[in-house]
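Asker: My questions all concern the structure below.
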Amino acid sequence: MSRPRIIPAIGVLFLSFLLLFLLAACSEKLSMQTGLTAQDLYSMGQQHQAAKQHGKAIEAYKSLLERFPNSPLAGKSQLALANTQMDNKDDLEAEVAFDDFLRLYPADDNVPYALFRKGELLARQVPDPGRDQTKTLEAIKALTMSREKSPGGPFAGKAAARIAELRDRLAEHENRVVSHYLGRKQYVSAEVRARRALSEYPEAAPARSIMSSLAIALEKQEKKDEAAEVRRILAEKYPPPKGKKP
């Protein structure tokens, strides 16, 4: 009766490293593989993207764009690359990819969609309303352009709703600035900022609070008539619930 062979631990390690080496050799980078067509790479990218294998999909799309920049599939690949990078939370790379698509294919039918996706990408990066709102403004710009290019398109309604949310955020930013001025007793600055905010965002959710702050700023400056008029408009536009005093 023969004894079972026992492979020493060092042999197991050697075999493991050998297996890893062979797997790496078999999975040669797409950029190094020959014989692949643009259609092959695009199909691979689509399959990996559908399987949420973002890294592999990105590699396939990039390989196509590098090897076949003039292919009829290049535009689709560029947009697919941007979408996959966005899904992979590679926000900076995705923004660059969307910009490249919009720059290289300005007449493509998917431009409104690309602008919508770029707007959504920027919208998810917006900071707290108390901080700089550059990203918010950029998101609104992209979404507005998407609506302008395709007013009746499938993404126009979603873009409009997102723009309204972002405008509320900008209005809240102004609301906090006005409150900051009031807290520092800079009533003139508070008045100027509040008037500008109400002019730019009259229907935004924070407008009521901004209008109330404006009345306070006016009262602190002894502008009683103007303050009374603001409070009258405030009461008309935002009447208190029944049973409650204003």
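Asker: A114: net charge of surrounding residues, Cβ under 13 Å, Lys/Arg +1, Asp/Glu -1, itself excluded?
Answerer: Numbers: positive: K76, R103, R117, K118, K149; negative: E95, D99, D100, D108, D109, E120.
Within the 13 Å Cβ shell, the charges total -1.
Asker: With r as the distance between the Cβ atoms of T34 and Q221 and R0 = 51 Å, compute the FRET efficiency 1/(1 + (r/R0)^6) and round to 0.05. The partial results should precede the final answer.
Answerer: Details: r = 77 Å, r/R0 = 1.52.
Step by step, r from the Cβ atoms, then E = 0.10.
Asker: To the nearest 10 degrees, how steeply does helix 38-50 sit against the main Cα axis of the chain, on a 0 to 90 scale?
Answerer: Roughly 60 degrees, rounded to the nearest 10.
Asker: Between beta-carbons, use under 12 Å as the cut-off and find the net charge around A161, counting Lys and Arg +1, Asp and Glu -1.
Answerer: Values: positive: R147, K158, R162, R167; negative: E120, E165, D168.
Computed value for this residue: +1.
Asker: Rounded to the nearest 0.05, what FRET efficiency do Q47 and Q125 have when you use their Cβ-Cβ distance and R0 = 22 Å? Mind showing how you got there, number by number?
Answerer: Details: r = 29 Å, r/R0 = 1.33.
Once rounded, the FRET efficiency stands at 0.15.
Asker: Summing Lys, Arg as +1 and Asp, Glu as -1, what charge do residues with Cβ under 9 Å from the Cβ of M211 carry, M211 excluded? Present the calculation step by step, with values, prior to reporting the outcome.
Answerer: Values: positive: R208, R231, K237; negative: none.
With Lys, Arg at +1 and Asp, Glu at -1, the neighbours total +3.
Asker: May I pose another question? If I fit a long axis through the Cα atoms of helix 224-237 and take the longest principal axis of the Cα atoms of the chain, what angle between them do I get, 0 to 90°, rounded to 10?
Answerer: 60
Asker: What are the ³J(HN,Hα) couplings of the range 54-64, residue after residue, when phi is run through the Karplus curve with 6.51, -1.76, 1.60 and θ = phi - 60°? Round to Hz, x for glycine and proline.
Answerer: 4, x, 5, 5, 4, 4, 5, 5, 5, 4, 4
Asker: Follow-up. So what's the angle, to the nearest 10 degrees on a 0 to 90 scale, between helix 156-183 and the longest Cα principal axis of the chain?
Answerer: In the chain, helix 156-183 runs at an angle near 50 degrees to the longest axis.
Asker: Could you grab the relative contact order for the chain? Cα pairs under 8 Å, six or more apart, rounded to a whole percent. Don't skip to the end; give the middle numbers.
Answerer: Values: 253 pairs, mean separation 21.5, N = 246.
After rounding, I find 9 percent.
Asker: Give, in nm to one decimal, the length gained when the segment between K158 and D91 is fully stretched (0.36 nm per residue of separation minus the Cα-Cα distance). Before the final figure, lay out each step's value.
Answerer: On the way: separation 67, 0.36 × 67 = 24.12 nm, distance 2.05 nm.
The K158-D91 span can extend by a further 22.1 nm.
Each reported figure results from applying straightforward, stated rules to the coordinates on display, with no laboratory input. The model shown is predicted, which means the values in this text are computed figures rather than measured ones. For neighbour counting, all protein chains shown are included, and Cβ atoms are generated from backbone atoms with ideal geometry for every residue, glycine included.
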